[in-house]
1. With respect to residue 37, is the statement that it is under 18 Å from residue 84 (Cα atoms) and assigned to a loop (DSSP other than H, G, I, E, B) true?
2. Could you tell me whether segment 12-24 includes any residue that is within 13 Å of the chain's Cα centre (by Cα), surrounded by fewer than 18 Cβ atoms within 10 Å (Cβ to Cβ), under 30 Å from residue 103 (Cα atoms) and without any contact (Cβ under 8 Å) to a residue 40 or more places away in the chain?
3. Inspect segment 26-37 for any residue being in contact (Cβ under 8 Å) with a residue 60 or more places away in the chain and surrounded by 15 or more Cβ atoms within 10 Å (Cβ to Cβ) and give the result as yes or no.
4. For residue 3, are the conditions met, namely being loosely packed, with under 15 Cβ neighbours inside 10 Å, more than 11 Å from the chain's Cα centre (by Cα) and either within 28 Å of residue 102 (Cα to Cα) or at pLDDT 95 or above (or both)?
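The values are calculated or read from the model by the stated rules, or taken from the named source; none is laboratory data. Please read these numbers as outputs of a predicted model, since none were measured by experiment. Because the Cβ atoms are built from the backbone with ideal geometry, glycine has one as well, and the counts that use them run over all protein chains shown.
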């Protein structure tokens with residue numbers, strides 16, 4: 001059996017980029033999944049991804065605005081996505097969100 005090929009940095013980066021694009025596409029397709037649910041379960045949401053995208057671009061000297069970064073993640077302007085897909089948070093969702101953040105569970109260190 002042949003030995004598996006070792007990945008170099010360029011190949012690893014290409015794989016990670018493909019995974020990121022797949023995650024973003026998945027979130028764009030799953031408009032039924034609300035950001036607050038992502039925050040409750042995973043302590044990050046589409047807005048966090050947009051902020052991380054913006055921060056990494058700026059760190060590399062790439063000029064990009066917050067709305068442009070969010071558009072990469074949402075697949076449309078955030079204001080459009082919000083009007084079309086965002087639902088008001090239920091009292092139960094807000095309680096779960098607040099409880100999670102009071103205890104500081106799973107800080108994504110980006111908010």
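1. No, not satisfied.
2. yes
3. yes
4. No.
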